[in-house]
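K.L.:
One structure follows; several queries about it will come next.
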Amino acid sequence: MVLVLASRTRGLAPCLVGALSLTLTASLAGAVTIKSGRAKMGSPFEVTVVAPDEAKAWGAAEAAWTEIDRIEALISSWRESSETSAVNRAAGGDPVAISKELFDLVTRALKVSRLTEGAFDITFGPVGRLWEASAETHRLPDEESLRAARALVGYEAIELDAEALTVRLAKPGMRIGWGAMGKGYAANRAVAVLRAAGASGGLVNAGGDLVAFGRQEDGQPWKIGIAHPLEPDRIFAFFEIEDQAIVTSGDYERYVEIGGERYAHIIDPRSGRPVRGVRSVTVVCPDGELADALATATFVLGVEEGLALIDRLRGVEAMVVDAEGRIHYSQNLESFIRETATP
Ligand code: ADP
Ligand code: MG
């Protein structure tokens with residue numbers, strides 16, 4: 001039995017382990033497993049592939065990396081040449097023609113915004129930047145800057161034209177960004193590419209956003225261990241999954257301290273302030289992109305409102321760790337958890 005640590009390293013502050021994957025290596029005849037890791041989207045990514053032979057497995061992994069690179073070039077708001085950057089540069093001006101792929105991504109993001117009543121919002125950027133600057137200066141943003149930035153946040157000001165395939169951000173200074181959904185989308189697409197390349201099973205761990213498909217080479221479902229947010233060396237829940245995503249958003253991975261207070265990297269778009277009261281949210285559902293977006297949204301909504309939303313969604317489960325380290329589960333999570341060692 002091999003314990004593989006999928007550690008997340010990035011961002012502003014202590015980077016700890018988010019999800020661990022536990023792989024059994026006893027092989028069935030005719031299947032091999034390979035692993036390949038690279039840094040993508042500012043995070044460590046890992047691709048695990050089960051295929052009939054090594055050549056096929058490595059070929060599939062390479063195709064997945066190519067796909068992830070393609071998506072990063074398309075959506076990254078850090079890259080001047082991306083479609084996202086073109087949209088942001090034109091904020092307040094003319095509509096921008098974009099690919100069907102980005103158009104559909106924006107459309108799905110808006111759906112999640114409506115579903116979560118704005119807790120998830122890809123226009124969070126102007127406020128997010130203020131808090132990032134605070135992380136550098138260790139001073140809270142002043143009220144005036146905060147008010148100005150908040151005026152630029154709001155998904156309702158994203159204008160889409162499905163016929164012309166254009167998007168327009170109505171206010172100058174508005175921005176969109178994919179920090180809360182891009183890795184989940186990339187993981188989904190990488191899985192699709194792995195399947196098409198002949199992999200029978202695999203895992204794509206996109207900086208802690210994990211999408212699993214098929215089975216391990218010994219025919220077992222994937223076993224994913226979740227590290228306790230307050231004790232990252234300890235696994236406290238095991239999930240057995242086949243075609244599911246497990247995504248964690250947590251302030252133990254990225255936060256800033258200003259004046260002894262801890263501020264998460266997730267912003268409540270409604271208040272313009274970093275979220276408090278939640279340490280981490282783990283969402284389990286078949287779709288990596290949706291799991292990613294919902295983990296962020298649940299983080300913003302908090303234990304009660306967040307889990308109430310999750311319980312309304314079919315096939316979506318979550319657990320939330322609150323500020324005191326207490327763990328709260330959605331109604332049907334038990335069906336996924338195999339073992340727990342609750343503190
Ligand atoms: P992680 O990056 O740890 O996986 P998330 O998926 O929750 O966590 O994404 C957090 C990132 O999403 C932030 O770094 C920021 O770029 C962006 N973001 C912050 N708040 C929001 C929000 N309310 N809605 C959408 N995106 C957000
Ligand atoms: Mg997210």
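K.L.:
Taking LYS100 as the anchor, which lysines have their alpha carbon closer than 18 Å to its alpha carbon, excluding any fewer than eight residues away along the same chain?
P.N.:
Within the straight-line limit of under 18 Å, LYS100 reaches these lysines: LYS111.
K.L.:
Just check the chain against the gyration tensor rule for me: Cα atoms, a ≥ b ≥ c as the square roots of the eigenvalues, rounded for a/c under 1.5, and otherwise prolate or oblate depending on whether a/b exceeds b/c.
P.N.:
Verdict is oblate for the chain.
K.L.:
For a quick check: with amide H placed at 1.01 Å from N, whose amide H comes under 5 Å from PHE124's, ignoring anything fewer than 5 positions away on the same chain?
P.N.:
Here GLY177 satisfy the definition.
K.L.:
Using just the helices of the chain, give the 222 nm mean residue ellipticity in deg cm²/dmol: DSSP H runs with n ≥ 4 each add -39,500 (n - 2.57), and the total is spread over all residues, rounded to 500.
P.N.:
-10000 deg cm²/dmol
K.L.:
Going by how many other beta carbons lie within 10 Å of each one, how would you line up MET181, MET41, fewest first?
P.N.:
Least crowded to most crowded, the residues run MET41, MET181.
K.L.:
Which Cα, out of LEU152, ILE122, VAL167, lies furthest along the positive dipole direction of region 83-169 (beta carbon charges, K/R +1, D/E -1)?
P.N.:
Going by the Cα projections, it comes out as ILE122.
K.L.:
Which of the lysines could be linked to LYS56 by a straight reach, that is with a Cα gap under 29 Å, when you skip same-chain ones fewer than 8 residues away?
P.N.:
Those lysines meeting the cut-off are LYS35, LYS40, LYS183, LYS223.
K.L.:
Give me the dipole magnitude in Debye, nearest 20, for region 61-141 about the Cα centre, with unit charges on the beta carbon: positive for Lys and Arg, negative for Asp and Glu. Walk me through the intermediate numbers first.
P.N.:
Numbers: 9 positive and 13 negative charges, 63 e Å.
Using Cβ point charges on Lys, Arg, Asp and Glu, region 61-141 gives about 300 debye.
K.L.:
Okay, moving on. Using amide H atoms built in the peptide plane, which far-off residues or other-chain residues are under 5 Å from LEU210 H to H?
P.N.:
Distant-sequence amide H within range of LEU210: ILE246, VAL247, THR248.
K.L.:
Placing +1 on the Cβ of each Lys and Arg and -1 on the Cβ of each Asp and Glu in the chain, which of ALA91, GLY325, ALA291 has its Cα farthest towards the positive end of the resulting dipole?
P.N.:
ALA91
K.L.:
Per-residue counts of other Cβ atoms within 10 Å, averaged by peptide: what ranking do you get for 278-287, 129-138, highest first?
P.N.:
Ranked by mean Cβ neighbours within 10 Å, highest first: 278-287, 129-138.
K.L.:
Excluding LEU309 itself, calculate the net charge of residues whose Cβ lies under 14 Å from the Cβ of LEU309, where each Lys or Arg counts +1 and each Asp or Glu counts -1.
P.N.:
Details: positive: LYS111, ARG114, ARG312, ARG314; negative: GLU117, GLU304, GLU305, ASP311, GLU317.
Once all neighbours under 14 Å are counted, the net charge is -1.
K.L.:
How large is the dipole of the chain about the Cα centre if only Lys and Arg carry +1 and Asp and Glu carry -1, each at its Cβ, rounded to the nearest 20 debye?
P.N.:
340
K.L.:
What ranking of GLU46, GLU240 emerges when the number of other C-beta atoms within 10 Å of each C-beta is taken as an exposure proxy, fewest first? All intermediate terms of the calculation are to be shown ahead of the outcome.
P.N.:
On the way: GLU46 20, GLU240 16.
Ascending Cβ contact count within 10 Å gives the list GLU240, GLU46.
Any read-out appearing in this document is the output of simple, stated calculations on the displayed coordinates, not a laboratory observation. What you see is a predicted model; the values in this text were computed from it and never measured. Note that we place each Cβ from the backbone using ideal geometry, even for glycine, and neighbour counts take in every protein chain shown.
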